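Q: Encoded as structure tokens, here's the structure I'll be asking about.
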Amino acid sequence: MTEPPKRSDSITAPLRHSVFRRIWLASLLSNLGILIQGVGAAWAMTQMTSSADKVALVQTALMLPIMLISMPAGAIADMHDRRVVAMVSLLIALTGATALTLLAWFNMVTPNILLLFCFVVGTGMALMGPAWQSSVSEQVPAETLPAAVALNGISYNIARSFGPAIGGIIVATAGAVAAFAINAVLYLPLLIVLFLWKRVHEPSRLPRERLNRAMVSGVRYITNSPAIRIVLTRTLVTGLIGGSVSALMPLIARDLLHGGAQTYGIMLGAFGMGAVFGALNIGTVRKQLSGEAAVRACTISLAGAIAAVALSTSAVLTAIALVLAGAVWMLAVALFNIGVQLSAPRWVAGRSLAAFQAAIAGGIAIGSWGWGHLTDIYGVEIALLVSAGLMLLSPLLGIWLRMPPVGARYEPPAEALADPEVRLSLTGRSGPLVVEIEYRVAQDNARAFHNVMQEVQLSRQRNGAYGWSIARDIADPELWTERYHCPTWLDYLRQRNRPTQSERALHQSAIDFHLGPEPIRVRRMLERPFGSVRWKEDTPDRAANEVLPVVATAAGSST
């Protein structure tokens, strides 16, 4: 009897790939260390101060760096070797954890010092996040990518299931310094595994973008991608409201349940166990529910769970409510993450994931600060009930910002195009470039053509164009002219080769409206010819600065 074929969409399918499996197991240990340190830091703060504001700021200090430096981190991940970026990031976090351990050993930790080094550790993890997540597509085949994304979430939440309970025991028996030291040690396996990973780096034939330009490119792509904008907005709102549970967990354990560090660890473990259960069911949710229905179900369930935590005085009932809260929180966040990761092309994957991280972490960081202030004024119970009420109302956002389908697909990059023919001696910085494309369209198809061109506009702009317009000749109504700019010759070459296969199909659908035996006419013009072109053919450094053109196969084959 033959074995049934292994399903590529199985949650365990990515673990059949050795590189992913080793990195996943090492990251599990790293996540375990982070959670143990989090318990130590939060509980140490409750021992140093009675201010709920200060306790909630521990969560803010860990998450705020993700919001502040995610976009530069994403640009760095897209520009450089992602393996090296991840290793440097881990070294920063390791330095912060080691310094915090030494200071705690010598009894030199104050609330502000604790927050400072939590911020340093958070900075290292913020820099690592986009490089690590965007490299997942290089570790597994495209068909197992959704399962790999879910497994990374499971890794964190397996650690969350056991790490806080272990951390609570460690803090109760050996103090916060032991928790800080264990976190530092558990960074080492992931550093070693990343060092041994023989990543295949495919260098671009074009020079690397500068950091500031790369960040602008990432923001431009997201701004002109309606689906990603909606996902990020909903992610931010969910983080702002739902972050109350994580931020106030030490106070839930201390004030509502009248427990100690061990109770705090067990409650965090319950939340983490629920998150693992939620991650294991991501595939089912993606198949059974639309994006909006899935997020609506998660947020309504989360509202009920938060309300139950607020009203419960029983550790058992609170733990059950936290299991439910963890499951639906994980489902919502994973759905947002998968949607962004499967929608962004490889060239901007790091920056898109950085924006996602900034949205969820920024929401949690800002929300934690707000929930801490509200708790200082009205108490933990009222703060949680307000959070539950707002979460219950959050699905109303779907009226204006409806979630896109959760079944997005990962698109490999389209085939690279040959450079167009040029007869000016251009450097990479020559520009701006103005591109004009003339279409001849039957008047009966004018409205349909114009509608397609609105989609073409977004495609051009998210890949690097600006100043886009479409115009119709008043003396010759069949003649349409598309016009857009690119900052430099290099930017234009990048813009030509960034579209995905579906975007290329969109461009072709616009070309298909063209009438007549002649192809569409494309003009590429240099807007500043003097001062932008090297006129002397024998300039010594010409070879170092020029991008040599290659004659295209057909004038109208691409734009």
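Q: When only C-alpha pairs under 8 Å and at least 6 residues apart count, what is the relative contact order of the chain, in percent?
A: Relative contact order, the chain: 19 percent.
Q: Hey, what D do you get for segment 348-403 in µm²/s if you plug the Kirkwood alpha-carbon radius into Stokes-Einstein at 10 °C and 1.306 mPa s?
A: For the chosen part, D equals 120 µm²/s.
Q: In addition: Find how many whole Å separate the alpha carbon centroid of segment 289-346 from the alpha carbon centroid of segment 71-100.
A: Their Cα centres are 29 Å away from one another.
Q: Sticking with this one: Angle between the Cα long axis of helix 349-378 and the longest principal axis of the chain, 0 to 90 degrees, nearest 10?
A: 40
Q: Could you give me the percent of Cα pairs per 10 Å distance bin for segment 119-237, shortest bin first, beginning at zero and ending with the bin that holds the maximum distance?
A: Histogramming segment 119-237 at 10 Å steps yields 9, 26, 36, 21, 7, 1 percent.
Q: Cα convex hull of segment 430-497: mean projected area in nm², to one decimal?
A: Working: hull surface 18.6 nm².
The orientation-averaged projected area of the Cα hull of segment 430-497 comes to 4.6 nm².
Q: Over segment 433-545, how many percent of alpha carbon pairs lie in each 5 Å bin up to the one with the longest distance?
A: P(r) over segment 433-545, rounded to whole percents: 2, 11, 19, 20, 18, 11, 8, 6, 3, 2, 0, 0.
Q: Sticking with this structure for a sec: Restricting things to alpha carbons, tell me how big the chain is in terms of Rg and Dmax, in Å.
A: Rg, Dmax (Cα atoms, Å): 26.4, 86.
Since every read-out is calculated from the coordinates, none of them should be taken as a lab result. Quick caveat, the model's predicted, so the values are computed rather than measured.
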